[in-house]
Structures are given as C-alpha cells and as structure tokens.
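Here the structure comes first, spelled out in structure tokens, and everything after it is commentary.
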4 protein chains.
Amino acid sequence: MTERTRTSSGFFVTREAPIHADDPVATPTAPPPDIVRAAYAELVVTDLARSREFYVDVLGMSVTEEDENAVYLRTLEEFIHHNLVIRRGPVAALAALSYRVRTPEDLDRAVAFYTELGCRTERRAEGFTKGIGDSVRVVDPLGFPYEFFYETEHVERLAWRYDLYTPGALVRLDHFNQVTPDVPRAVKHYQDLGFRVTEDIQDEAGTTYAAWMRRKPTVHDTATTGGDGPRLHHVAFATHEKHNILAICDKLGALRLSDRIERGPGRHGVSNAFYLYLRDPDGHRIEIYTQDYYTGDPDNPVVTWDVHDNQRRDWWGTPVVPSWYTEASLVLDLDGNPQPVVSRTDSSELEVTIGADGFSYTRELGDEDLPDWKKGEYKLGHQL
Amino acid sequence: MTERTRTSSGFFVTREAPIHADDPVATPTAPPPDIVRAAYAELVVTDLARSREFYVDVLGMSVTEEDENAVYLRTLEEFIHHNLVIRRGPVAALAALSYRVRTPEDLDRAVAFYTELGCRTERRAEGFTKGIGDSVRVVDPLGFPYEFFYETEHVERLAWRYDLYTPGALVRLDHFNQVTPDVPRAVKHYQDLGFRVTEDIQDEAGTTYAAWMRRKPTVHDTATTGGDGPRLHHVAFATHEKHNILAICDKLGALRLSDRIERGPGRHGVSNAFYLYLRDPDGHRIEIYTQDYYTGDPDNPVVTWDVHDNQRRDWWGTPVVPSWYTEASLVLDLDGNPQPVVSRTDSSELEVTIGADGFSYTRELGDEDLPDWKKGEYKLGHQL
Amino acid sequence: MTERTRTSSGFFVTREAPIHADDPVATPTAPPPDIVRAAYAELVVTDLARSREFYVDVLGMSVTEEDENAVYLRTLEEFIHHNLVIRRGPVAALAALSYRVRTPEDLDRAVAFYTELGCRTERRAEGFTKGIGDSVRVVDPLGFPYEFFYETEHVERLAWRYDLYTPGALVRLDHFNQVTPDVPRAVKHYQDLGFRVTEDIQDEAGTTYAAWMRRKPTVHDTATTGGDGPRLHHVAFATHEKHNILAICDKLGALRLSDRIERGPGRHGVSNAFYLYLRDPDGHRIEIYTQDYYTGDPDNPVVTWDVHDNQRRDWWGTPVVPSWYTEASLVLDLDGNPQPVVSRTDSSELEVTIGADGFSYTRELGDEDLPDWKKGEYKLGHQL
Amino acid sequence: MTERTRTSSGFFVTREAPIHADDPVATPTAPPPDIVRAAYAELVVTDLARSREFYVDVLGMSVTEEDENAVYLRTLEEFIHHNLVIRRGPVAALAALSYRVRTPEDLDRAVAFYTELGCRTERRAEGFTKGIGDSVRVVDPLGFPYEFFYETEHVERLAWRYDLYTPGALVRLDHFNQVTPDVPRAVKHYQDLGFRVTEDIQDEAGTTYAAWMRRKPTVHDTATTGGDGPRLHHVAFATHEKHNILAICDKLGALRLSDRIERGPGRHGVSNAFYLYLRDPDGHRIEIYTQDYYTGDPDNPVVTWDVHDNQRRDWWGTPVVPSWYTEASLVLDLDGNPQPVVSRTDSSELEVTIGADGFSYTRELGDEDLPDWKKGEYKLGHQL
C-alpha cells in the first residue's frame, strides 16, 4: 500500500488511489471521450404502469414524455430531456448507463476507444431514446451497457417551481453503482476512461471491496461494488436536505409500502452523504442521497476505509442488510439479452464483516489512548 | 374489544382505551395528586465522570449544579433546577421517576393516595435532591420509585441562548417508559393516578403489549411496555427538529461511539414521533424524540395498533433490535436496593412479531382491493 | 413594576405578570368556563372561490366539508371537524373566535359568566357551524365575538397520512391574536376567563403594548396587541419544522404571489417561535408558526420585554413592517355587523420604536462591559 | 437581445449569455490559466482579535494556523490550508481573491495572460500567505487583486468531525462577488479568463446590472455587481442546509449582535440558493449560502432576469436594503494601497427598482391570463 495518513476520523487519506489491478483491461492508445457526468439510466421494467406509479406518484418525478412503451422522467433541477427512462420489457434489467460528453466529437472518440478494446459499439444518429440525439452505445470490457451522447432536447429546469415540489423532492441524478467481480480491474479501466477515484474500501491484505469514481466534482458518477457481475447495484438521485429523505420514508409508510425501504436512512461513512435505499416494483435499487462533498481539485485526497471499520458503510454503525450485498439487477447487451453473471472470487465484504466469520470494529482494538469504556464494544453484539 | 373505527392509515381509534385489567390494583378512595408533567429522572450510574461525559459532552446537557456524588442536568427550555440527575452508586439503576404536581397540597394527596394502597411512602421537606423542596417518594403498587414535588428552585430557561445550542440540542424532558409484566394492571393503576391513555398495542385476542399515557397534552408522560419488571425502559428528551436527532448520530460516529446507538433513528407508528434510542455508559436507555401531536382534548381519540402491524413500532418497517425488547434498567426501592424482577406471563411482543414463530405484516393480508404487487411482501423476509 | 430578574438574554422574568389595569372589566362572581384550547376561527371572505384557492391549493389545508356558502377546513393533526371556517359574506371580517371547553356543562358556565357581565349571548343546540354541536356565542366585554363548544363531530386525524403532506404542511391551529386599545384591561378580563400571561411587552413607564396568554401549555391561545380595536390581528397555524415555513414562501414565489408575504420569515423574541405572516385574499392575516416552548407549570416564569429592545418582535432585529402594526380585520357582532373600532390612546408601539421619534436598541446603551464595537450600532440605521 | 425562452417561473433562458460590451478589455492571444475554483480570500481587518472572534467564535470557522498578524481559517470540508485569511492592517480592504489552478504550469499561463494585458504581476515561489506555495498575484484590468496558485499544504478535511460542527456550520467557500462600474466589460474579460455566465440581470434597454460566472459547476465562482468599483461586494461560504443559516441568525440574536445581519435570510431568485448577508466587524460583507444547482453542462441554460422582477434578488419579494447596493469593501493593489473607486455611469439597480422613480413587479402587468386578484399588487406598496 502506498504512503497514507490516518485521519482523526479513523480512515486514511492518500494522494492517489492505491489500487492495483492484477488482471487489467488494456489501456487504449485512443484518448477517451470527455465525460461530463452521469446523465441517465434506462431501466427495463415488467409492468410499466406499476413502475410509473412508483417513480411518479410515490417519488414525485416529472414526466417529460411518455408512450405505451416507455416513460421519460426527470428530477426538478434537470434541463436535459430525462434522467431516467423506464421501458416495458420481458425481463427486469438495466438497458444503459448513459453519460453526457462535452462535445459532439467525443462520440467519435468513444467509438475509437471501445473499438480498440474490441467492444461491440453501436451508433445511432437519432439516438436510442426520445429526447436524445446522436449516441453511441457499447458493451464495455466489464460487460456493462454504456451510452455516450452530447445532443439532447432542452426542457425546462423546474428548480424554481416550488409549487411542484413534494416533501421528498428529487432534484438531480447523482450517480450509478455497478457490481463487478474484480474491483481493481474495473477501477483501472474506468481510470482509463477518465474517472478519478475519490474513496475506496480495502483490507490489510490489499483486497479492494469497492471504489468510488467521479467525473463531475462530487464523490462519484459511478462506483464499483465487488460481487457477482456485471450487475447494476443502484441508481442514485439527490435531494436538497436530509428531511426530504425522511419524508420519502414517511410517505412509503403512509402508503403501506414500507417494504420498499431496503436500507437506511442513514449516514454513509464513504462519501459522508445521507442516504436511503429503496427497491422499485421490479427490485431495481434506487438510492436517495444528499450532501457529499466537493472533489474537483486535481489533488483531492483519496479516502481509504478499512473493510472492518464498522462505520465505513454506515457512520452510525447500523448493520447493512444482507440483500444489499447480494441482490442486484441484470444488465442487457446491445441486443437486449441479459449478460451472464460471473462470480466474484475475491473475498466477499458481506462474509468478512457480517455473520459467523466476519468481524467489524467501531473503534480500533488496542487503541490504548481510549478510556476503558470506549474499548471493545461491538454494536453487532448488541443487536443480533 | 369496544367499538372502534379503522383509520385510512391502518390502525384503529376508539373514544376510550379498550384495556381491561384481570388483576387490578385497588382504586383508592382518596383522590390522586394533580400531576402536571413528568419532571425528572434520577439515575444511579457506576462511573460518574464517564456518565457526565456522555450527558454533557456528547448530548450537550447543561449542568445546573454538581458535586462529587451527583450532577444535576437540564435541557435548554427547562426552568426548574434539573430534569435529570445522575448520581454515583454501586449498581446502575433508576432511583426515581419524578413528577411535578400542581400545588403544594398535592403532596398531602399523594401521601394519602399511596398510604391507602399500602405503599411505602417517604416525605422530606428538604427534598431528596438539590434544587427540589418538599417531596414525597413512594414505591408504587407496580414496584416503581415515584416522586412528587411542587417546590423547586427556578433557574434560567436557556431557550434563547442559541450560543449554547449544539446541532443535537435537547430542549425538554418528554416522558418515561416503564417495563412491567402486566400492562393492563399498570394502565388501570395509572388511570387511577389521573393518567389518560392515548395509544396502545394489542392483538386480536385482547392481549395488551404496551400503552402510552399522558398528563400534559402530548402522547405521554409515561408508557408501560410489557416485559419482566419493574424495570425502567427509557427516559426521553425532546429536540426541536428531526435533523437535531440525526446530528446526535453523526456526532456519536465522529467520536467512534456509534455503538451507543441501539435503535433508530426512525419514525414511530405509535405517537408519530421521530425517534432515536441510545444507551448510556451504564446501559440506561435514553430516547431522543420529536414531533408527536397534541392530545389535550377530553375526547382525544385513542389509537390502538395491531401487534402484528409491522409499522406500529417503526413506521418505515425497520425491525426492532431484540435488545430493545429484552434489556432495561433495574429500579431501586426507597432504601436503594434493586427491586426484584417478576417475569411477564402474557405473550411477548418480541416473540409474536420477530423470529421463528412471530409474524408481522406491512399491509393486511387478504386486502383484495390492493393490486397484486402490494400484497404479501414482508420486509423481514428481505432483510434476514 | 414588581420584582423581576434580568436574564442573560436581555429580557426580564417575573413570577406573575406585572400588568395593572386602570379601567378593568368587572370580575364576575360566576366561574368561567374551563377552556381547553383555541379551536377554530370563522372568517368572512368576499370571494369564496378565491379564498378556497388560498387555503386549500396554496396552504394545503384539508377540506372536511363545503357548500356554496362556506368551506370547513382543517390541518393534518386536527380530529375535530374543522379549525378554520371561511364563509362567504359582504364584508371581510372575523365572525368568531371559537374555544373548546372541557365539558358540556361549561356552556352553562359561559352563559352565566357573560350574562353577569351584561354581554349579549346566544346559545344554539345545533351549533353555529357544521360539525359543531351545542354552542354559545357572545360579544365579549372587549367587543370580540367569542364562541364556546364541547360537542363536535370527530373526523380522521391525518397525522400519519404523509402521502397528503405538502412541503409547507400545516399541522395545528396554534393561537389567535386580537387588537385592542387597552391591553391591561383586556389582560385582566382574559385572566378572569382563566387565561394565564406567559409574556408581555412594556416600557419603563409601565405602558403595556402587548400580552400573550394561554390555556393549553404553549405560549398562547390568544394574545392582545395594542391598537385600534376590537379587530383581529391574526390566526396562527403551526408546522412541524422551520423548513416547512420556508417552503410556503418558496411556493408563493413560484406562484408569483410573494406579495401575500407581509412579514418574515423570522424568529420571534417573544415566544421564541419561528414565524411568517401572510395576508389572505381579503387581507386577513395568517401566521405560520413553529417551536415555542412548554408553559404548563403553575409557576411558569413570565417574560417581560422592553418595547425598545429591537429583538423583542424579531430576534434577528429585522424591522417590523408598518402594516403589521396598523392593519387588522374587522370583527362582527352576533348579527353580523362590524363592530365599531375604538382608537388606542396609550402609546403606539409603532411610533415609539420606528420612525422619526422612535428608537430601539440591539444592545442596552451604556453597557460598559461591552467592547466598543458592540455598542451603539442600530440596525435600522443600516437599513433606512 | 438574442433568442430567448420565457420559463413558467417568469424569467428567461438562452443558450449563451446575451451580454455585449461596448468598451471591452482586449482578449489576449495567450491562453488563460485553467482555473479550478475560487479558493480563498485575504481580507485586511483593523482589529485582528475582534475579527477572529467573529469568524471563529461566532461563525465557527477552524483555525489552521495563526500568528500576531494573521489568522488562517477554513471551513469543515476544506482540505487546502485555508479558505479565508484575515490579516491585520491599517485600512479594512480586500487584499486578494485567490483561485486554485489545475497545474503548476498554469502559473506561467497566468503571467503571460496578464503581462499581455499590461497588468502588473508578481510571482512568489514561497507564496504570499502561509500554507500556499508558488503563486502569482496581479491587478487585473478591472482593478481587482487576483491570485493564482497550485501548490498548497494539505490539511485534514474535517467533514466527518461532527463533534466540531456547530448548528450554523460552514462547509465550503462558495464564491466571490465584485462591484464594478461596467458589468458587460467585466463579463467579457472574465469570459476571456475562462469563466462562463450562468445568470444575469438586465432591463429591456439591454443594460446589464449584474452577472454570475462559474468555473466549478455551481452558479458561480465570482459575480459582478454593477456599482462604483473596483470594490469587493462579498465572500460567500456554504452550509449544508437552510436551518444552518437560520441558526447563525439565532446565535447572533443570542449574542446581541443581530445588527451584524444586513439582509436575509431569504431565497434568491438568481441562483435559487438560500442566503444570508452578514457584515463583519470592519463591514466586510459575508454571505452564507446553500443549495444552488449544477451548471456543469457545456450548454447549461443561461438565465436572464428582468431588473424589474421583484423576485429576482429575493424570491419572496422581500425588499433589498439600500446598504446592500451601496456599501462594499475597498480593494488593494499589490503594494497594499487602496485602489481608486470609479463611479458607475450605467443605470443603478437601486434607483430603477427602489424608491421614488424605481418600480418592480411581482407579476407582469397586463398578463390577462391571471385572475383579477393576482394583478397589480406590489409588495413594496404594502411595506413602505
């Protein structure tokens, strides 16, 4: 592991992400497209009306446009046509993670970049979804369906339309999260694509369990979580304040849909954001997220968490429910067929931290500076 | 069960609490003292410095006065001398639950009321704690150490002293919660003492698992939770807003004391309040609580929850950790000896709702008006 | 002035309100009715549809019932039929301030109390508005139309119906505020009716400018503001949190109705509550209010503010707009005719604190303990 | 004016800022340095202890380092050495607005860029302040002291240290705001320096009153406000939530320093952020700011507000206090001498919108789609 500094909060910071890939994807000689930000996800759902009810009536997203096969949705601060598409299909899955690029020419770069990697690419001048123009879709080296576009129809940014706000109003798409068996391999590839690591989770042996990577200056535009993959872990939307997230929980309770809440609300250790995880009617996981920090400096400190630190995933030490580690959405290839899932061979975060063989600490053992009463108490022991 | 109306939120309301005691405490002919509100708790702690750190440095309570044996604490809106006393002692326990009465003469009524019940009573003109004058302490028929007082030293209400506020500022003592084996017996007795039921949890067979009772017009000044008792379940302090409660969690994380968080934060079904449960260094449970509703009308509707309703204890369906049901503080008699604990013989809420034989529903089964996707999904199944 | 203590926040506390009436209303020998709380106001509006739009579409109140002449509205935590009635009429005015009493027999007490005072009283077994039973209406000695009732139709308390909450959700009626020329005379009379003073504004000469009085244990059920009267100053509804009040402002901006905002949002000195004043389409003033403090103790300290303390009306020193002092709603007699308005002869708070002759201080002049830079700066000087 | 679209909120959006400079600064042939973000301001204060009290004890900023001449301060999420320096000096003034650049080589670009413009530049390998390395300072063509640096000492980002948070915790430096006589000239020059316009205020005749410009993807890193200049209008720091800003006001009230509040709190029309303006002991204006929107897309819509729209500066229509328009801090040249102030010759926003000749509307006049009651009411008329 590279030189690192332990913070007063218990985690470590380094100047560069100390992640080494043993089985890297080759780095193309072609430059990557200049990605601005995570822009939208296209989810295939099995019952469009039921999903529309969840995203529109429960979560309060705005409908830009819809037809019998798809609903194009956006949050209140978005000015491009949509930041979520739900499309009717036979199998619940992710159809695309779509990124906005800086110029129309970046599409040519995307084609060259992935072609050199031997990936299947498809370009459509008219776009793959309504409201989006010339676009490139690929199956990336990790098996994920990625899209790149510049052209889009502008719609009204509804940020000032407080008459449309609900107590749990969603304002932005924040990030994606992808499940992949080999996290360092994925990180190395996405670094080649221009992403920078902001935080990660490792253990003393150097196993990397998860990493967060950004283009826009937040903690992430996408993250990779170790597990059987390629699968989609979640898509995250932002609210302005924490009470907005609590209001979503309250509303789900009022609708007797509290079982749509999978995990949280809570405070993340990683990212320092306040969070909530929901499951949509097909089981697609949606995070509601607010208040991470600015990461735009070229030397933004990289945060590394010990996988055994019980506050890494939840700063309050609340245990992560197992389904959050094990369940995820299938992803489609460019023909709409689910990609096969490859098992993770590295250690599982679930296994090393929860259950019979796992352990987590709230405070580091052997920290002799702590008074006795601060030592050696484990929240999990209180709870299970 | 008496006539009741099902609300659109899934629970029931009645005009009077439909609780029948099979083994009631006798109703005295003497009128009860006129209780204004739950005023303070006296907790015995085994390490005074460590407890002081928790209540003052972590929770931000103000010290009115202290000596080598005790610290007298108050929240920001309190004008009486203290609303919590922590006193050094050999065994962690509750020494007294203290209620303010309306007039000095109510102390005479308290003596007569409990004397008629055959309870041991002790009256001290100089009070049992600093800052409190003429007081009566009793061991009540349920085994709890109750205190009544009118005289108290006024101290400055610090409500306007925003320079003293912390992000998790506590403003009022809200209520107590007592564990007792026979809930209907306890309810009947506290009704005799002048309390009114606002909410309860029952099952179809009429077993009562818990009840909430008030003097001041909030959901409760005290509650009884079924379990082995007499024991103290918790003492609750109020914040102004929900983010104050989240801030306490954040701070505990920063201090690497997140294992002091036992349950929550969350939204109660019962009381509709936002909550958090902490454990102090001795394991005394402290609730942080905000935003229940006004109950002062003489015909305030009584809310009855089905014990199997998965949203009764947490409106978001988050499972209750078992320790919350099973652990509680010993209570002392007037000589400072722990009261023996009697086992509950009625059904256990833990057992009927969690684990192998228990069940809970998010939506009522067989509700044919629901679409298919709203039926029969159980959050616990997602999580365990 | 009686013995008083100066607090560290700059105002004074006494054990009893030091208000003396030179021209008191006689104290009846008959006991007053036992008032539980301020329950509802009946406002006459000149355009029912336009007013309905304001209260329902903008403020989000729930309609319990309506017909061509009136709309019966309630907030989310109310279980009695309504806490606001808007009724169509030729002149915008207050028709009644209605209080709930503890028992049906309290109506007999109300009749006896006001009859002894020589006030016109009218009792209707069927009530004066829908949803309310046997009621007494009077023109009280100060000229205000007061109502008392016990019987009411229960409706569902919507507190748990978070699917109905808006970002600015109103949960309770909190209080009324009445403009009257002689504040001490009004205070003395309402004390006879059973109210207790919690706070007041005075000057060194003993002139009382306003007083706050309560039955339920909040800062007030009603207040009297010195001015030409009898007139209604405002009716106040409570939200849970401060952001709810900000959301109402944001929504009014989005609707291009920001000129409905008359004053605030801000923090009151008196009451310590967070506030906002709106004007409805007829100019009736509505306060939105949250987070005052508990006042239920029999010896609750009475707070007295100096009229020249610039933080008494707004803790942040924001100037009060003149219309807030000068404008108010007419009140009706039992025949529906506007009561004549009598001019105030005591000093005007507006004149002694704002404008050419008025002065206010942020810090007390001559406080030699302050560093120089804390002395003698006046916010009004910065602003006008 | 270029093609523009009126939004449903009443302002206009265009694809490019429609600002034309009649008297432009020449565009250098040398490329500008690549600015990452506004990084810190250096303010000269006349009483260092008194200013330290304001920034540290009142606002809660963290001291990274200090000596007898200067205090180096940072907010909780900052990892570079400081984002505010207060330095003792004879005249209260701005010493530098400092921007972080992407690479060390950008300093060479800065020197070339400003040298070509004929501006005085000074480069110091050891930096101008502690904690900052190799730096370039210039007096820019508008007379402002600008600094550029890459090298800095990293300090701990205290974002997770919730034990250090106060209720009004500041987390980031957000932006600067500069007063300049000729706004289009300033905008054109800062566009040459690489800034992009996000919002502006104009009138029908094409006069530009103010413009907001960004490097990082928020509404601004700096803004130019029309007035006598060069002067510093304010430096802005961000909080996480709106209640944090309210807490600062509450604390200032508790400290009897409410006259430090100049304007707000309120909701901006421009930027949609929630705001508060304070004046430090020397009169330097500090804004507290939260929750503007993401602007990082290359075609981010530019918002243009009508100067007569009463909601442009405050979405709730609250009048702007005149001092906010007229008062500002002097700025220093590289020798530490105050720059001469040049009068604005274009129309004054204060004059065209407030007072005898000014007018503002809440709703556009003549909008025949509005019901009568929504027309022609002016908040200022209610208030003054």
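What follows is calculated from the coordinates using simple rules that are stated; it is not laboratory data. Keep in mind that what you see is a predicted model, and the values were worked out from it rather than measured. Cβ placement follows ideal geometry from the backbone for every residue including glycine, while neighbour counts extend to all protein chains displayed.
To one decimal place, what orientation-averaged projected area in nm² is obtained for the convex hull of the Cα set of chain C? Each step should come with its number before you reach the end.
Values: hull surface 77.1 nm².
Seen from a random direction, the Cα hull of chain C projects 19.3 nm² on average.
First measure r as the distance between the Cβ atoms of C:T103 and D:T5, then evaluate 1/(1 + (r/R0)^6) with R0 = 56 Å and state the FRET efficiency to the nearest 0.05. Please report the intermediate quantities before stating the final value.
Values: r = 64 Å, r/R0 = 1.14.
For R0 = 56 Å, the calculated efficiency reads 0.30.
For the protein assembly as shown, what size does the Cα cloud have along each of its three principal axes, sorted from largest down, in whole Å?
The principal-axis extents, from largest down, are 94, 77, 67 Å.
What is the percent of Cα-Cα separations in region D:110-207 that go past 24 Å? All intermediate terms of the calculation are to be shown ahead of the outcome.
Details: 2129 of 4753 pairs.
Everything past 24 Å amounts to 45 percent.
Using the membrane-span-like helix rule (whole DSSP H runs, Cα extent along the own axis of at least 18 Å, mean Kyte-Doolittle hydropathy at least -0.5), which helices of chain C qualify? Mind showing how you got there, number by number?
Values: long enough: C:242-254 (19 Å, 0.33).
Membrane-span-like by this rule: C:242-254.
In nanometres, what is the gap between the two model label sites at C:E126 and B:E204, each 7 Å from Cα along Cα-to-Cβ?
Using points 7 Å along Cα→Cβ, the separation is 4.5 nm.
Using Stokes-Einstein with the Kirkwood hydrodynamic radius over Cα pairs, what translational diffusion coefficient do you get for region C:228-357 at 4 °C and a viscosity of 1.567 mPa s, in µm²/s rounded to a whole number? If you can, show how the numbers build up before the last one.
Details: Rh = 16.5 Å.
Approximately 78 µm²/s, per Stokes-Einstein.
Using alpha carbon centroids, what distance separates region B:27-65 and region A:143-189, in Å?
Spelled out, the Cα-based centre of one part sits 49 Å from the other.
Shortest first and in nm with one decimal, please list how far the D:A49 label point sits from its counterparts in the other copies (point 7 Å along Cα→Cβ).
Here D:A49 shows inter-copy label distances of 3.4, 6.9, 7.6 nm.
Report, in whole Å, the centroid distance computed from the Cα atoms of region C:206-249 and region C:254-315.
Spelled out, the Cα-based centre of one part sits 6 Å from the other.
Using a label position 7 Å from Cα in the Cα→Cβ direction, what is the ascending list of nm distances from A:T326 to the same site in the other copies?
Ordered by increasing distance: 2.4, 7.2, 7.3 nm.
Run the label-point distances for B:G118 please: 7 Å along Cα to Cβ, every other copy, nanometres, shortest first.
Ordered by distance, the counterparts are at 6.2, 9.0, 10.6 nm.
Where the only charges are on Cβ atoms (+1 Lys, Arg; -1 Asp, Glu), what is the dipole of region D:31-331 about its Cα centre, to the nearest 20 debye?
Working: 34 positive and 47 negative charges, 58 e Å.
Using only the charged Cβ atoms, the result is roughly 280 debye.
Report D for region D:238-308 in µm² per second (integer): Stokes-Einstein, Kirkwood Rh on Cα pairs, 25 °C, 0.890 mPa s.
Working: Rh = 13.6 Å.
So the translational diffusion coefficient is about 180 µm²/s.
State the antiparallel share, in %, of DSSP beta bridges confined to chain D, rounding to the nearest 5. Intermediate results must be reported in sequence, preceding the final value.
Values: 63 of 88 bridges.
Roughly 70 percent of the beta bridges in chain D run antiparallel, per DSSP.
Taking only the alpha-carbon atoms of region D:166-230, what semi-axes of the equivalent ellipsoid follow from 5 times the gyration tensor eigenvalues under a square root, in whole Å, largest first?
Numbers: eigenvalues 112, 37, 25 Å².
Largest first, region D:166-230 gives 24, 14, 11 Å.
How large is the Kirkwood hydrodynamic radius of region A:205-245, in angstrom, based on all distinct alpha carbon pairs? Walk me through the numbers on the way to the answer.
On the way: mean 1/r = 0.0800 Å⁻¹.
Result for region A:205-245 stands at 12.5 Å.
Could you quickly flag the chain A residue whose beta carbon comes closest to the rotation axis taking A to B, and that distance in whole angstrom?
Of all Cβ atoms in chain A, the one nearest the axis gives A:H243, 3.
Counting Lys +1, Arg +1, Asp -1, Glu -1, what net charge surrounds A:T222 among other residues with beta carbon under 10 Å of its beta carbon? Present the calculation step by step, with values, prior to reporting the outcome.
Details: positive: A:R214, A:R215; negative: A:D221.
Around A:T222, the surrounding residues sum to +1.
Give the share of C-alpha pairs in each 5 angstrom bin for region A:1-134, from 0 to the last occupied bin, in whole percents, shortest bins first.
2, 8, 13, 15, 14, 12, 11, 12, 8, 4, 1, 0
Is there a quick way to get the dipole size of the protein assembly as shown? I mean about its Cα centre, with the Cβ of Lys and Arg at +1 and of Asp and Glu at -1; what is the value in debye to the nearest 20? Show your work: numbers first, answer last.
Details: 168 positive and 252 negative charges, 2 e Å.
Using only the charged Cβ atoms, the result is roughly 0 debye.
Among the listed pairs A:K242/C:K130; B:K251/C:K242; D:K216/D:K242; B:K188/C:K216; B:K130/B:K216, which are separated by more than 32 Å between their Cα atoms? Please list the in-between numbers first.
On the way: A:K242/C:K130 41 Å; B:K251/C:K242 22 Å; D:K216/D:K242 22 Å; B:K188/C:K216 26 Å; B:K130/B:K216 25 Å.
Over 32 Å Cα-Cα: A:K242/C:K130.
Output the antiparallel fraction of DSSP beta bridges having both residues in the protein assembly as shown, as a percent to the nearest 5. Display every interim value, and only then the final one.
Values: 252 of 352 bridges.
Bridges in the protein assembly as shown are about 70 percent antiparallel.
Towards the positive end of the charge dipole of chain B, with charges on Cβ (+1 Lys, Arg; -1 Asp, Glu), say which of B:V302, B:V36, B:L107 has the farthest Cα.
Most positive-ward Cα: B:V36.
List the GluC sites (Glu not before Pro) within region C:27-70 that DSSP assigns to loop and that have no more than 13 neighbouring Cβ atoms inside 10 Å.
Numbers: sites: C:E42, C:E53, C:E65, C:E66, C:E68; in loops: C:E68.
Within region C:27-70, the qualifying GluC sites (Glu not before Pro) (loop, at most 13 other Cβ atoms within 10 Å) are C:E68.
Taking R0 as 22 Å, what's the FRET efficiency between A:A356 and A:A21 from their Cβ-Cβ distance, rounded to 0.05? Walk me through the numbers before you get to the answer.
Numbers: r = 31 Å, r/R0 = 1.40.
Plugging the Cβ-Cβ distance into 1/(1 + (r/R0)^6) gives 0.10.
Considering every pair of different Cα atoms, what Kirkwood radius, in Å, is found for region D:164-311?
Details: mean 1/r = 0.0625 Å⁻¹.
It is 16.0 Å.
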